[in-house]
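*Asks:* Have a look at the structure that comes next, please.
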């Protein structure tokens with residue numbers, strides 16, 4: 001990770017998750033989205049073989065009904081629990097939100113393998129992109 005970031009969940013997100021899990025309502029969810037908007041996230045990259053070479057590709061999710069989401073994680077532990085072979089790509093939440101909007105994703109799935117998983121909606125993503 002960069003600088004003093006050792007891949008742990010940012011403290012603001014961890015605190016907001018705890019409040020949201022204890023009191024799950026729209027107000028505490030919005031507090032969590034604000035904490036996420038001020039943090040970096042980790043995207044899983046996987047090696048993909050092409051005919052002549054190998055390249056790193058971002059892991060995404062497509063539901064049965066065709067909705068597409070970007071997968072992101074708040075910590076290296078959560079990312080490696082999801083996929084031990086994935087490599088982390090660090091992005092600010094704002095950059096990720098802008099990417100999701102530009103590429104017409106339907107959402108961002110955050111920490112999908114943890115108890116505190118959350119699906120960021122297009123409304124959440126638009127809010128993060130404008131912070």
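The values are calculated or read from the model by the stated rules, or taken from the named source; none is laboratory data. Note that the structure is predicted; figures quoted are calculated from it, not measured. Note that each Cβ is placed from the backbone with ideal geometry, even for glycine, and that neighbours are counted across all protein chains shown.
*Asks:* What pairs come up if the first residue lies in region 103-130 and is closer than 17 Å to residue 34 by Cβ, the second is part of a loop (DSSP other than H, G, I, E, B), and their beta carbons are under 6 Å apart, counting only those six or more places apart or on different chains?
*Replies:* 111/74; 111/117
*Asks:* Looking only at helices (runs of 4 or more DSSP H) that fall completely inside region 1-101, which ones have 2 or more residues that are under 15 Å from residue 124 (Cβ atoms) and either free of Cβ contacts under 8 Å to residues at least 24 places away in the same chain or within 16 Å of the chain's Cα centre (by Cα) (or both)?
*Replies:* Details: elements: 11-22, 26-37, 76-82.
Of the helices (runs of 4 or more DSSP H) lying wholly inside region 1-101, those with at least 2 residues that are under 15 Å from residue 124 (Cβ atoms) and either free of Cβ contacts under 8 Å to residues at least 24 places away in the same chain or within 16 Å of the chain's Cα centre (by Cα) (or both) span 11-22, 26-37.
*Asks:* Within region 107-126, can you find the residues that are assigned to a loop (DSSP other than H, G, I, E, B) and surrounded by fewer than 18 Cβ atoms within 10 Å (Cβ to Cβ)? Step through it out loud before you land on a result.
*Replies:* Taking region 107-126 first, the residues assigned to a loop (DSSP other than H, G, I, E, B) are 111-117, 121.
Within region 107-126, 112, 113, 114, 115, 116, 117, 121 qualify.
*Asks:* Would you say residue 129 is closer than 27 Å to residue 4 by Cα, touching a strand residue (DSSP E or B) at 6+ places or on another chain (Cβ under 6 Å) and surrounded by 14 or more Cβ atoms within 10 Å (Cβ to Cβ)? I'd like the intermediate steps shown before the answer.
*Replies:* Details: closer than 27 Å to residue 4 by Cα: yes; touching a strand residue (DSSP E or B) at 6+ places or on another chain (Cβ under 6 Å): no; surrounded by 14 or more Cβ atoms within 10 Å (Cβ to Cβ): yes.
When the stated conditions are applied, residue 129 does not pass them.
*Asks:* Quick one: which residue in 46, 68 is at pLDDT 95 or above and surrounded by fewer than 18 Cβ atoms within 10 Å (Cβ to Cβ)? Walk me through how you get there before you give the answer.
*Replies:* On the way: 46 fails: at pLDDT 95 or above.
One residue alone meets the criteria, 68.
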